[in-house]
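Engineer: Starting off with a structure, shown below.
The values are calculated or read from the model by the stated rules, or taken from the named source; none is laboratory data. Computed from a predicted structure; not experimentally measured. No Cβ is skipped: glycine too gets one built from the backbone with ideal geometry, and neighbour counts run over all protein chains shown.
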Amino acid sequence: MAVATNLAQVTKSLAALYASPTDHQHVLVAKRFLRPLVSPLLPQMGITEQTSTPVQWLDLASGSGVVPQELQAVLSRDVLENSTFLLSDLSPSLVELLNTRIAAEKWVGTSARVLNAMDTGLQDNSYTHVSVSMGLHLISKPNDVLKEAIRILKPGGIFGATTPVNDPSHSMWQPDLSSAFASFPFEAPFPNPCPAQLHDQGHWSDASWVELHLKEQGFQNVMVTVIRGKFHVEGAEDFMGIFGGMLMWLMNGWWSEELRAEHPVDEVKELTQKYLEEKHGGKGWDLGWSIMYATGEVQK
């Protein structure tokens with residue numbers, strides 16, 4: 001049985017995953033799961049409730065808008081009204097979602113547009129802050145993103161990014177889905193280890209490497225921290241509502257076309273949820289996560 005594991009196919013599968021869930025699912029993940037993983041980036045970038053200076057903020061690869069949702073929650077009304085926030089993503093469907101959230105949640109001073117994080121076309125020296133949340137391990141040429149950030153940031157501007165850390169004891173959804181696949185009444189390939197990044201450019205799950213690399217790229221006052229935490233799911237149905245989309249990514253990336261035809265995703269979802277109900281006795285459980293927060297200043 002052939003198993004497709006090349007990075008290009010896995011990356012394409014992930015892009016399809018981000019485009020496929022409903023807006024409700026995206027916002028659920030942003031507010032429930034990603035919020036505690038991303039929010040520690042803001043104080044490391046100098047943003048707290050006490051911040052009194054307006055900002056010009058660019059969020060690259062915004063996805064469902066986790067960074068802006070946290071900025072809107074933390075900054076005072078006065079700072080928000082005197083600031084500008086540009087959200088961007090390469091996916092038109094996600095930019096449409098961002099614009100929906102901007103209107104529905106009344107985000108102040110915020111706009112969204114389709115942009116390539118590796119080549120934005122934005123003006124030099126135009127932003128005080130540039131963020132990339134959970135993106136540098138996925139974007140095919142992360143160094144191009146860093147160069148864009150340096151070009152776009154004003155002198156003294158701050159760059160910030162988050163990436164997952166390769167920590168087997170804090171690997172989020174992976175242990176449950178791995179054991180679920182192993183329980184199926186047919187051979188169900190699961191990546192072991194699961195890739196920490198979807199390109200071969202650097203080592204974005206290694207904090208020491210990231211710190212050195214940012215310095216080599218020209219960032220000053222580089223700070224890299226790793227935080228580990230837990231996320232509680234209420235049960236198997238809750239888990240599937242948040243992480244069920246990963247099944248299609250795993251199937252498209254590591255299963256043969258024949259196997260996917262024999263066992264479609266709806267069957268796999270049913271088997272997975274049934275397994276998790278039995279494994280956890282119908283109760284909730286905690287998932288461990290480990291995230292890296294990297295920041296640097298641009299001096300020109």
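Engineer: Kindly indicate whether any position in the range 30-37 is part of a loop (DSSP other than H, G, I, E, B), closer than 25 Å to residue 163 by Cβ and within 17 Å of the chain's Cα centre (by Cα). Break it down stepwise before answering.
Structural biologist: Going through the range 30-37, the residues part of a loop (DSSP other than H, G, I, E, B) turn out to be none.
No, that holds for no residue.
Engineer: What is the residue count in the range 127-171 for residues that are over 12 Å from the mean Cα position of the chain (by Cα) and in a strand (DSSP E or B)?
Structural biologist: 12
Engineer: Looking at (1) more than 29 Å from residue 269 (Cα to Cα); (2) modelled with pLDDT of 95 or more, which is the only condition residue 188 fails?
Structural biologist: So residue 188 meets the others, but not (1).
Engineer: Given the conditions (1) touching a residue at least 12 places away in the same chain (Cβ under 8 Å); (2) more than 19 Å from the chain's Cα centre (by Cα); (3) under 17 Å from residue 296 (Cα atoms); (4) surrounded by fewer than 16 Cβ atoms within 10 Å (Cβ to Cβ), and given that residue 225 satisfies all but one, which numbered condition is not satisfied?
Structural biologist: (2)
Engineer: Take the range 39-55 and flag every residue that is surrounded by 15 or more Cβ atoms within 10 Å (Cβ to Cβ) and more than 22 Å from the chain's Cα centre (by Cα).
Structural biologist: Correct list: 51, 54, 55.
Engineer: Which of the numbered conditions does residue 193 fail, given that it passes all the others? Conditions: (1) part of a loop (DSSP other than H, G, I, E, B); (2) buried (at least 19 other Cβ atoms within 10 Å of the Cβ).
Structural biologist: Every listed condition holds for residue 193 apart from (2).
Engineer: Hey, can you tell me all the residues within the range 196-221 that are of a type in the set (A, V, I, L, M, F, W, C), modelled with pLDDT of 95 or more and either under 16 Å from the mean Cα position of the chain (by Cα) or assigned to a loop (DSSP other than H, G, I, E, B) (or both)? Show your work before the answer.
Structural biologist: Quick first cut of the range 196-221, residues of a type in the set (A, V, I, L, M, F, W, C) only: 196, 198, 204, 207, 209-210, 212, 214, 219.
Keeping just the survivors that are modelled with pLDDT of 95 or more gives 204, 207, 209-210, 212, 214, 219.
Matches in the range 196-221: 204, 219.
Engineer: May I ask you to verify whether residue 202 is touching a Pro at 6+ places or on another chain (Cβ under 8 Å) and either surrounded by 14 or more Cβ atoms within 10 Å (Cβ to Cβ) or farther than 27 Å from residue 39 by Cβ (or both)? So that I can check it myself, show each step before the final result.
Structural biologist: Values: touching a Pro at 6+ places or on another chain (Cβ under 8 Å): yes; either surrounded by 14 or more Cβ atoms within 10 Å (Cβ to Cβ) or farther than 27 Å from residue 39 by Cβ (or both): yes.
Spelling it out, residue 202 is indeed touching a Pro at 6+ places or on another chain (Cβ under 8 Å) and either surrounded by 14 or more Cβ atoms within 10 Å (Cβ to Cβ) or farther than 27 Å from residue 39 by Cβ (or both).
Engineer: Mind checking which helices (runs of 4 or more DSSP H) fall wholly inside the range 233-300 and carry at least 2 residues that are over 26 Å from residue 196 (Cβ atoms) and small (Gly, Ala, Ser)?
Structural biologist: On the way: elements: 236-243, 246-254, 257-262, 265-279.
In the range 233-300, there are no helices (runs of 4 or more DSSP H) which contain 2 or more residues that are over 26 Å from residue 196 (Cβ atoms) and small (Gly, Ala, Ser).
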